[in-house]
Amino acid sequence: MTTLTDRYIWAVTRSVPEQQRSDIERELRASIDDDIEARGGDIATAERETLLALGDPDRLAASYAQRPAMLIGPKYFFDYVRLLRVLYAIVLPITVVAVAAAHVIARDGIGEIIGGSIVAGITIGAHLGFWTTLVFAVIERTDAARTAPLTEWKPESLPQIPDRRAGTGLAELIPAVVFLPFFAGAIVWQQLSSVFQDAAGAPVPLLRPELWSFWIPYTFVLIALELVFAVVLYRLQRWTWPMAIVNVLLNLAFMIPATWLVLQDRVFNPVFTAELGFPDGLGAAVLAPVMVLVFLGAGIGDAADGIVKARRASLASR
Amino acid sequence: MDPDVSGTHLQELRRGTVVLACLVVLRTPDYGYSLLERLNELGFAVDANTLYPLLRRLESQGLLSSDWNTDQARPRKFYSTSDAGNELAAVLIADWGNLHRSITNLDEGEAR
């Protein structure tokens, strides 16, 4: 008959290294028997009390095998949190935008684009968390000899103190990383899939197709440069005069051609505006001033914002 | 005084004294359960599930040596302090003495 003691010993020794197993088993059995004997009285009660005092067999086994009783210990905890933070702040938004762009290129409907992006965001988020945790848990269990964390800390790696007025952080980076690719995707989408179809069933794009020969690729290059700019700004942690000047140039590079093209009525596809119900020419007459105001307002506002923040940062660092 | 708080601090202060107590007590060879009883009688509160793995750890570090005694009906693993264990015990005792002196001086200095 198997006793509680047999079962307890089995539960402890099954997960200790094999070469120690029989030795631990013999010793533990002797210790338990000694304890039961010393307690005296009813054997079943004494056995119960002895095993209760020894506690959870998994805990005792971990103690024998010198295994950590935690998933990720203090040694690697901060490396782990830092890596997760980077993954969720940068990798997750970029991959979600890439998935959305893939849906756009595949000419999917707007519902599919949004739905697909949300599903991809949840799936990728779960994968990032799971695999990172798994890798760290494995390191925790295999690299017992290591006493230092994975990344050596140096005073140089201290973060800049964010200046509340001039500072720049994730609040500025994330909109850029999300909206710039979204804007690029929208340009592709309006060409491939529109709300209007012509007689042959082909989509009617919002923008004039001849813009693809130069101005749309030009816009894509600007979007890429804006993305690089946003990342560099985030790494710098603060506005500087060179950054403010580059920002002004980038805004001018968009504002001037965009205004010029709108005023020449070279932006919107007349077939599209006709479908909207605008009589010939009225589309340009109504839309053009609004567009120009939006371009100039947003561009000048953004350029001025950079200059003001650079000035504050240079005053603050004095 | 909050008993939870004082309990944690006492536990932290006593951590490590069990190792020293084992090294000293095991100058006379002894086996797990008997050692547990002796330590508790001597005033070192230690649980079985802490002591048994600790003995094996000290053995793997070469501070204790062990021998199976199969003369009696119940075979028992006897541990005894090795030379390295005695050296470590001497270091720990010296440090304990220093700490005791420092704390005493500090306490008397404060009282003045």
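Bear in mind that the values in this text are calculations on the coordinates, not laboratory data. All of these numbers come straight from a predicted model, not from anything done at the bench. We place every Cβ from the backbone using ideal geometry, glycine too, and count neighbours over all the protein chains shown.
Here are a few things to note about the model shown:
- Of the trypsin sites (Lys or Arg not before Pro) found in region A:76-121, those in coil by DSSP whose Cβ has at most 15 other Cβ atoms within 10 Å are A:R107.
- Check: chain B dipole with +1 on Lys, Arg Cβ and -1 on Asp, Glu Cβ, in debye: 340 debye
- Charge dipole (Cα centre; +1 on Lys/Arg Cβ, -1 on Asp/Glu Cβ; no other charges) of the protein assembly as shown amounts to roughly 1380 debye.
- Convex hull volume of the C-alpha atoms in the protein assembly as shown, normalised per residue: 293 Å³.
- Distances between placed amide hydrogens fall under 5 Å for B:F78 paired with B:D67, B:W68, B:N69, all partners being 5 or more residues away or on another chain.
- Comparing region B:3-111 with the 2.2 N^0.38 Å rule of thumb, its C-alpha radius of gyration ratio is 1.25 (two decimals).
- For region A:16-89, chymotrypsin sites (Phe, Trp or Tyr not before Pro) meeting the loop criterion (DSSP other than H, G, I, E, B) and having at most 10 other Cβ atoms within 10 Å: none.
- Qualifying trypsin sites (Lys or Arg not before Pro) in region B:1-65, DSSP loop, other Cβ atoms within 10 Å at most 10: B:R15
- Highest-MSF residue in chain A out of A:I94, A:I307, A:I32 [GNM, Cα springs under 10 Å]: A:I32
- With a cut-off of 13 Å between beta carbons, the residues surrounding A:P209 carry a summed charge of 0, where Lys and Arg count +1 and Asp and Glu -1.
- Charge-dipole axis of the protein assembly as shown as Lys and Arg at +1 and Asp and Glu at -1 on Cβ define it, positive-most pick from A:G55, A:G41, A:V292: A:V292
- Amide proton proximity set for A:G55, modelled H, under 5 Å, gap of 5+: none
- Table column - 3J(HN,Hα) (Hz), region A:239-251, Karplus curve with 6.51, -1.76, 1.60, x for Gly and Pro: 6, 10, 4, x, 5, 5, 5, 4, 4, 4, 4, 4, 5
- Relative contact order for region A:163-318, counting Cα pairs under 8 Å that sit 6 or more residues apart, in percent: 32 percent
- Taking the C-alpha atoms only, the angle from helix A:92-105 to the longest principal axis of chain A is near 50 degrees.
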